[in-house]
Every structure is written in structure tokens, then in C-alpha cells.
Amino acid sequence: IPILMYHHVGDKNNWLYVRPAVFAQQMDHLLGKGYTPITLPEVAAGLVGGSLPAKPVVITFDDGYADIFTQAYPILHQKNLKATVFIITQLLVCF
């Protein structure tokens, strides 16, 4: 099962960033090739005896940066796609 990992979705010119338009194109490409984004718990359940789609893929984001919510989430939501975010809880600020 392919697992894609992103750090940032935004317009900065840095190797950790994927531009929003490119991210949207990548998601369209996956869908066009018949991939079905699933969550990690769905992977585990499928491997233990459940079922998996014909072409599963897992979309993940490392570190939990704000641009995941402001840039990636609208694209994922529009396309009805699932993703997993790994958040560094030590860096969370409580108000």
C-alpha cells in the first residue's frame, strides 16, 4: 500500500513545500488512476481480515503545520479524500 507523506502545502519555494495547485493535481492524478485514499486504521483493519479497496493509498502529513488546515484540507475536503496528520504535541500552544 503506497503511503504518501507531505510536510507543507503552500507557495514557498522550499523543498518541504508542495504548491496547492500541484497538490490538487497530485490528488486528481491518484483519483484518475483509480486509487482510493484510506486511513491508517482502515489499513490495519483490512490487513487483519477486513477488506481493502483495489488500489488503496494513504495520504499523510508530518508535524501538523497550520498550512495543512489552510491549504491542504480545502483540497482534500473538496475531493472527499481522507488523510492522516501526525502532530507534534510538544509544540502545541494552549490558551
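Observations
- Residue among Thr60, Thr70 that alone is within 20 Å of Ile88 (Cα to Cα), more than 13 Å from the chain's Cα centre (by Cα) and not in a loop (DSSP other than H, G, I, E, B): Thr70
- The stretch 73-82, residues that are open to solvent by less than 70 Å² (accessible area, probe 1.4 Å) and either more than 11 Å from the chain's Cα centre (by Cα) or of a type in the set (Phe, Trp, Tyr) (or both): Pro74, Lys79
- Qualifying residues in the stretch 53-72 (those that are open to solvent by 60 Å² or more (accessible area, probe 1.4 Å) and out of contact with any Pro (no Cβ under 8 Å at 6 or more places or on another chain)) - the one farthest from Phe23 (Cα to Cα): Ala54
Residue by residue, here is whether (1) of a type in the set (Gly, Ala, Ser); (2) touching a Phe, Trp or Tyr at 6+ places or on another chain (Cβ under 7 Å); (3) open to solvent by 70 Å² or more (accessible area, probe 1.4 Å) holds:
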{"position": "Met5", "(1), (2), (3)": "no, no, yes"}
{"position": "Gly10", "(1), (2), (3)": "yes, yes, no"}
{"position": "Leu16", "(1), (2), (3)": "no, no, no"}
{"position": "Pro20", "(1), (2), (3)": "no, no, no"}
{"position": "Gln25", "(1), (2), (3)": "no, no, yes"}
{"position": "Gly34", "(1), (2), (3)": "yes, no, no"}
{"position": "Ile38", "(1), (2), (3)": "no, no, no"}
{"position": "Glu42", "(1), (2), (3)": "no, no, no"}
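The values are calculated or read from the model by the stated rules, or taken from the named source; none is laboratory data. These numbers come from a predicted model, not from an experiment. So basically every Cβ, Gly included, is an ideal-geometry build from the backbone, and we count neighbours across all protein chains shown. Surface accessibility is based on the protein's heavy atoms, side chains included, excluding ligands, DNA and RNA. Shrake-Rupley method; radii C 1.70, N 1.55, O 1.52, S 1.80 Å.
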